[in-house]
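Have a look at the structure below, then the notes.
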Amino acid sequence: MEPQELSQRIGQRIRAERKRLGWTQVELSERTHGVLSQSRIGNYEQGARRPGIEAARLLAETFATVRPEWLLCLDQFPGLLSPSEAELLACFRATDSRGQRRILNVARAVREASSTAEGGFACSTVS
C-alpha cells in the first residue's frame, strides 16, 4: 500500500468511528482535552497527515471502541481485537463491578446456549 493511500485509509477509519459515535471534529477535539485540535483531526481524516502512535492511542482511548492498531491499519495481524470485541471490552471496563458481573453472566449464558446448540464451544472462564 502506498503511503498516501495508507494515510487516506487511516483517515477514513478515524472519520467513520467519529461519525458512528455521532461526534463532530470539534467534539472529538474537546474529548481529547484539546490535545488534538479540530484542524489536526481534519487533516488526519483527509489523509493530509497521519497520526503517530501517541495520537492513535489517544484517539482509541477517546473513542473507547477501537484499538490504536485498528486506527493505524495494523489489524491484519492475528491476535488483535475486532472492533466489536474492543467495544465489548470498553463497555465492560466502563461499568462498575456489579455491571461487570452482569456482563460476564450474560456472556456465560450465551456461551452455554451456543455450546448446547452447536455441540461444543470453547471459551475460558474467568472468575
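(1) under 15 Å from the mean Cα position of the chain (by Cα); (2) basic (Lys, Arg); (3) open to solvent by 80 Å² or more (accessible area, probe 1.4 Å): which one isn't true of ARG18, the others all being true?
(3)
Test each condition in (1) of a type outside the set (Ser, Thr, Tyr); (2) open to solvent by 70 Å² or more (accessible area, probe 1.4 Å); (3) part of a loop (DSSP other than H, G, I, E, B); (4) farther than 18 Å from GLN12 by Cβ for GLU54 and report the one that comes out false.
(3)
Does the stretch 6-15 contain any residue that is without any contact (Cβ under 8 Å) to a residue 24 or more places away in the chain and open to solvent by 30 Å² or more (accessible area, probe 1.4 Å)?
No, the conditions are met nowhere in the stretch 6-15.
Just one of ARG67, ARG49, ARG102 is modelled with pLDDT of 90 or more and over 30 Å from GLN12 (Cβ atoms); which is it? Quick ask: steps written out before the conclusion?
Details: ARG67 fails: over 30 Å from GLN12 (Cβ atoms); ARG49 fails: over 30 Å from GLN12 (Cβ atoms).
Of the residues listed, the single one that is modelled with pLDDT of 90 or more and over 30 Å from GLN12 (Cβ atoms) is ARG102.
Quick one: count up the residues across the stretch 21-56 that are out of contact with any helix residue (DSSP H, G or I) (no Cβ under 7 Å at 6 or more places or on another chain) and small (Gly, Ala, Ser).
6
The values are calculated or read from the model by the stated rules, or taken from the named source; none is laboratory data. If you're wondering where the values come from, they're calculated on a predicted model, not measured in any experiment. Glycine also receives a Cβ, built like all others from the backbone with ideal geometry; neighbour counts cover every protein chain displayed. The area values use the complete protein model at the heavy-atom level, side chains included, leaving out ligands, DNA and RNA. Shrake-Rupley method; radii C 1.70, N 1.55, O 1.52, S 1.80 Å.
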